[in-house]
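Below is one structure, written out as structure tokens; the observations come after it.
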Amino acid sequence: MTAKLLITTPELEARLRGRDLVVFDCRFSLMNPDAGLEAYLAGHIPSAVHVNLDVDLAGPVTVQSGRHPLPDAAEFAAFLARSGWKPGKTAVAYDDVGGAMAARLWWLMRYFGQQDALLLDGGIAAWQAAGLELEQGPVQPQPQAMVQLTPRKEMVLSAAEVVAGLERQAIVLIDARSAERFAGKVEPIDAVAGHVAGAVNYPFNRNLETDGTFKTAPLIRAGIAPLVGDRPAAEVVHMCGSGVTACHNLLAAELAGFSGSKLYVGSWSEWIRDPSRPVL
């Protein structure tokens with residue numbers, strides 16, 4: 001049985017009356033990094049704390065890395081502590097793009113060994129569609145003591161491991177970017193257009209209904225299964241531009257029963273740092 005991964009608006013509203021969760025507002029625009037904070041201050045789900053993708057959900061960019069390296073365990077633990085989270089509390093993440101940004105926080109919780117994390121199905125749009133009020137201005141959470149987090153390194157692959165896996169045909173590499181970016185027809189962010197030679201394309205928005213909620217598990221499975229074939233989930237690797245929207249496909253894969261697939265964190269923005277890596 002698949003563990004609970006999503007929370008609905010009615011479920012979240014009911015649980016907000018208690019003290020057993022921390023809500024994270026993960027709205028962020030890659031094209032305008034200030035837009036998420038501006039939107040948060042203008043109106044957010046009550047008690048939600050603001051999350052900055054570049055600062056809170058990523059580590060420092062290097063000349064070899066992609067645009068969103070993984071944060072250091074201690075830095076991520078400090079972020080959670082100042083956000084008011086501690087073990088025993090559920091982390092609930094949401095955004096305004098169907099979970100494309102919020103899934104990164106959900107995945108990082110799992111990566112650092114914390115299973116009690118959920119994504120708000122439909123995000124802030126579902127909350128507003130239900131006629132529920134928003135809160136304005138910043139939230140000052142009660143800081144908690146830091147806990148020691150240990151990364152589950154088996155959940156990720158390096159660029160070298162991806163190269164080796166593709167050469168041996170030992171993995172299937174699924175790219176979550178749009179079909180246009182995958183084909184190299186457009187590239188609004190990175191210096192090189194195209195995709196990793198040998199990768200296949202499954203845009204993350206295929207996981208969603210038109211209202212931004214997730215499709216049913218059978219529908220998601222029907223979309224992913226032809227790409228996976230008879231491979232075990234451990235041989236399925238997800239990527240995107242910088243390891244963010246790939247987490248959306250990782251969550252969808254879990255919903256569909258493909259539990260245990262992996263993330264190529266550096267993704268396209270790291271892959272193109274080395275011109276010897278094959279691209280199409």
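The values are calculated or read from the model by the stated rules, or taken from the named source; none is laboratory data. Source: prediction; values computed, not measured. Positions of Cβ are generated from backbone atoms using ideal geometry, with glycine treated the same way; all protein chains shown enter the neighbour counts.
Counting just the residues of segment 107-149 that are outside the structural domain of Ala48 (by TED's automatic domain parsing) and of a type in the set (Val, Ile, Thr), which one comes out surrounded by the most Cβ atoms within 10 Å (Cβ to Cβ)? Looking at the filtered set, the residue picked out is Val139. Being in a helix (DSSP H, G or I), surrounded by 23 or more Cβ atoms within 10 Å (Cβ to Cβ) and touching a residue at least 12 places away in the same chain (Cβ under 8 Å) holds for only one residue in Ala78, Ala103, and it is Ala103. Among the helices (runs of 4 or more DSSP H) confined to segment 199-280, the ones with at least 2 residues that are closer than 28 Å to Val63 by Cβ are located at 246-255, 267-271. Among the criteria (1) of a type in the set (A, V, I, L, M, F, W, C); (2) assigned to a helix (DSSP H, G or I); (3) under 22 Å from Leu263 (Cβ atoms); (4) without any contact (Cβ under 8 Å) to a residue 40 or more places away in the chain, the one Val61 does not fulfil is (2).
Contact map, segment 209-230: first residue closer than 23 Å to Tyr94 by Cα and assigned by TED's automatic domain parsing to the domain that holds Gly98, second residue in a loop (DSSP other than H, G, I, E, B) and modelled with pLDDT of 95 or more, Cβ cut-off under 8 Å, separation 6 or more or different chains; the map is empty. The residues on offer are Leu263, Leu250, Leu173, and the sole one that is aliphatic (A, V, I, L, M), at pLDDT 95 or above and in contact with a Cys (Cβ under 8 Å, 6 or more places away or on another chain) is Leu263.
Quick grid of which residues meet (1) closer than 28 Å to Ala253 by Cα; (2) in contact (Cβ under 8 Å) with a residue 60 or more places away in the chain; (3) crowded, with 22+ Cβ neighbours inside 10 Å:
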residue	(1), (2), (3)
Leu12	yes, yes, yes
Val23	yes, yes, yes
Leu37	no, no, no
Ala42	no, yes, no
Val55	yes, no, no
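State yes or no: is Glu13 touching a Leu at 6+ places or on another chain (Cβ under 7 Å) and not in a loop (DSSP other than H, G, I, E, B)? For Glu13, the condition - touching a Leu at 6+ places or on another chain (Cβ under 7 Å) and not in a loop (DSSP other than H, G, I, E, B) - is met.
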